[in-house]
Amino acid sequence: MNGQFQRAVLQAEDHIDRVLQQSRFALKEREVGRLIQVSSGVARVRGLPNTQAMELLRFENGVMGIAFNLDPNEIGVVLLGEESDLTAGSRVERSGRVIDVPVGEAMLGRVIDALGRPLDNTGPVAAKERWPIEREARPIIERAPVSAPLQTGIKVIDALIPIGRGQRQLLLGDRQTGKTAIAIDTILNQHDKDMVCIYCAIGQRGAAVAKAIQRLREHDALKYTVVLVAAGETTPGLLYIAPYAAASIGEWFMQQGRDVLVVYDDLTRHAHAYRELSLLLRRPPGREAYPGDIFYLHSRLLERATHLKDEYGGGSLTALPVIETQAQNLSAYIPTNLISITDGQVYLSPVLFQKGELPAVDVGKSVSRVGGKAQLPGYLDISGPLRLAYSQFEELETFARFGTRLDDATRQSIERGRRVREVLKQDESSPLTVFEQIVTLQALNAGLFDPLPLVSIKKAGLRLCAELAERFPEQRRRIEAGKRLSAEDKQHLLAFAHAALESFEDHRHEDA
Ligand code: ATP
Ligand code: MG
């Protein structure tokens, strides 16, 4: 009896919930308000007392806006389109819908704007579903630790600052230091790896976005990528919603159990757009004139990156947010915020960039706090000695510049360090497989590059990788399957590397 009663109560509650849910957005009659003022992408509207937070409002010229500030007498609306033909007194209608984006398989290979409208002249987006752009991050209980690697194909990152699937890794550096290049290279390297990639360009110059899309197209990477563009000249409203829309598109794929990579390029522009909107809406400014909730804004976004437990589908969403620093100042407000929200950072130094040491990753200032656990075991005995050789070298190099007389051991460390630096250089759009990286770095640690003159190291490294192609399938499989090489295999590979590098050796000093 008691049980029956309880069931009846539960059913009644369920019913009430459902009715409430439906009535929430079902507009009983057309609600119409009036536009009071509009300027710089922000409008003030009166007469729509039932509007929901983040609801879409439709203006007379067809432009949509998001209800941002709900004050007792008026609504502060962020416009998502042109305001030029709007006049005070014109009609504003409720849509009854919170802002959303199309999601699904049909998004792959498309270039869209922040509302999911196509920008690529290949017809409408054939998505069946739409998801709200703001969604709750997955609860802790559904999350699994980061355990699988996300290979960038870039030696210095995969070996020394490894990234795991589900991790949030910040890419930061001054302007023009190769941030976008690393992000795009990482997408290119996901070819045939069953990874869905989303490149979200926020406030970038049109030419830079075009170049990125061009690179993706050239390497046939568009078929597994969604490009979401909110270019520099669009309204701050669209810039503001872009990363959330990208996250929702990514979450749909994660929900299907897929691995997803989302690049937010860059969140500095996003923060600027939000600051602009907040100041126009007269929200109180805080540090560096950013509104007080800017930290929450970005943490809400990045919390959505995660690796799900198998019973929840096992998908993952890796976030690579990009931040531009000013004059190498890592301790400005937005960079410190993001450093504290993410699981590590790759810092790109303009000094290294100018010296031509590309990618300009400053290993000393970069870190990956969780990726080490996901790194393939093949790297395990390589990263330690490499990091040590490199950091010792950086110290000694400054020292050696004063013309100090050096003992043999020190000189050797310096010579090795110079070679480490040369070997870690890598061109754009030339990702290396795990196997190529591991053999190259093993040869480096074993001193096989030491007899080579610095100028031919790059060529020698390329030759070694070229000769490895299609050889050692067994060892390659072992490495990729997360196993370590036997001592025998290692010897064998080193002998092979030695033979490949020999022709580059510098015999001049022997003749002298
Ligand atoms: P911005 O601040 O304008 O967004 P950015 O930091 O994203 O710049 P990129 O646009 O990626 O920098 O790169 C700047 C320039 O450096 C580009 O012309 C790019 O081709 C070049 N570059 C980047 N990485 C490499 C590399 N590894 N090898 C050769 N050239 C590179
Ligand atoms: Mg860039």
Kirkwood Rh in Å, taken over the stretch 219-270 so that all alpha-carbon pairs contribute: 12.2
Ellipsoid semi-axes in whole angstrom, largest first, where each is sqrt(5λ) of the Cα gyration tensor of the stretch 77-155: 34, 20, 14
Exposure proxy ranking, count of Cβ atoms within 10 Å, fewest first, for 54, 254, 195: 54, 195, 254
Calculated [θ] (222 nm, deg cm²/dmol) that DSSP helices of n ≥ 4 give over the chain, each run adding -39,500 (n - 2.57): -12500 deg cm²/dmol
Vicinal HN-Hα couplings computed from phi for the stretch 364-377 (Karplus, 6.51 cos²θ - 1.76 cosθ + 1.60; Hz; Gly/Pro x): x, 9, 10, 7, 10, 7, 10, x, x, 5, 9, 4, 4, x
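If a helix is a whole DSSP H run, which ones in the chain reach 27 Å or further along their own axis (Cα) and hold a mean Kyte-Doolittle hydropathy of at least 0.0?
Details: long enough: 2-25 (36 Å, -0.82); 236-255 (30 Å, 0.66); 380-400 (30 Å, 0.06).
Length and hydropathy pass: 236-255, 380-400.
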Packing-based exposure ordering (other Cβ within 10 Å, fewest first) of 90, 486: 486, 90
Per-residue ³J(HN,Hα) for the stretch 130-146, Karplus 6.51 cos²θ - 1.76 cosθ + 1.60, θ = phi - 60°, Hz, x for Gly and Pro: 10, 10, x, 6, 9, 10, 4, 5, 5, x, 3, 4, 8, 9, 10, x, 5
The stretch 391-512 - convex hull of the alpha-carbon atoms, volume per residue in Å³: 138
Sparse-neighbourhood loop sites, trypsin sites (Lys or Arg not before Pro) in the stretch 146-175 - DSSP loop, at most 13 other Cβ within 10 angstrom: 175
DSSP-assigned coil residues among chymotrypsin sites (Phe, Trp or Tyr not before Pro) in the stretch 344-412, each with at most 14 further Cβ atoms within 10 Å: 402
Range of Cα positions in the stretch 94-220 per principal axis (Å), largest first: 51, 43, 31
Base-10 log of normalised Debye intensity for the chain (one unit scatterer per alpha-carbon) at q = 0.12 Å⁻¹: -1.11
Reduced Cα scattering model of the stretch 141-294, Debye log10 I(q)/I(0), q = 0.14, 0.21 Å⁻¹: -0.76, -1.40
For residue 103, distant residues with modelled amide H under 5 Å away: 129, 130, 131
Whole-percent pair-distance distribution, where bins are 5 Å wide, for the alpha carbons of the stretch 331-393: 4, 14, 17, 24, 20, 14, 5, 1
For the stretch 460-505, average projected area of the Cα convex hull in nm²: 3.3
Mean projected area (nm²) of the alpha-carbon convex hull when the stretch 233-309 is viewed from all directions: 5.7
Euclidean distance between Cα centres, the stretch 443-512 to the stretch 43-74, Å: 64
Translational diffusion of the stretch 291-379, µm² s⁻¹ [Kirkwood Rh, Cα pairs; Stokes-Einstein; 4 °C; 1.567 mPa s]: 85
Note, ³J(HN,Hα) from phi for the stretch 310-318, Karplus 6.51, -1.76, 1.60, rounded to Hz, x at Gly and Pro: 4, 5, 10, x, x, x, 8, 10, 9
Calculated Rg and Dmax of the stretch 415-459 using C-alpha coordinates, Å: 10.4, 29
Around residue 324: net Lys/Arg minus Asp/Glu count, Cβ-Cβ under 9 Å: +1
When each of 179/459; 223/355; 193/483; 155/373 is checked by Cα-Cα distance, pairs over 29 Å: 223/355
Amide H partners (placed H, <5 Å) of residue 163, local residues excluded: 150
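Sorted from fewest to most neighbouring beta carbons within 10 Å, what does the list 435, 496 look like?
Working: 435 23, 496 17.
Ordered by Cβ neighbours within 10 Å, fewest first: 496, 435.
Select from the stretch 372-465 those trypsin sites (Lys or Arg not before Pro) which occupy a DSSP coil region and have at most 10 other Cβ atoms within 10 Å, ordered by residue number. Before the final figure, lay out the partial values.
Details: sites: 373, 387, 401, 405, 411, 416, 418, 419, 421, 425, 458, 459, 463; in loops: 401, 405, 425.
Sites meeting the loop and neighbour criteria: 401, 405.
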Where the Cα pairs of the stretch 388-452 fall when distances are cut into 10 Å bins, in %: 20, 46, 26, 9, 0
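None of the figures in this text is laboratory data; all of them are computed from the coordinates on show. Remember, it's a predicted structure, so these values are computed and weren't measured experimentally. We place every Cβ from the backbone using ideal geometry, glycine too, and count neighbours over all the protein chains shown.
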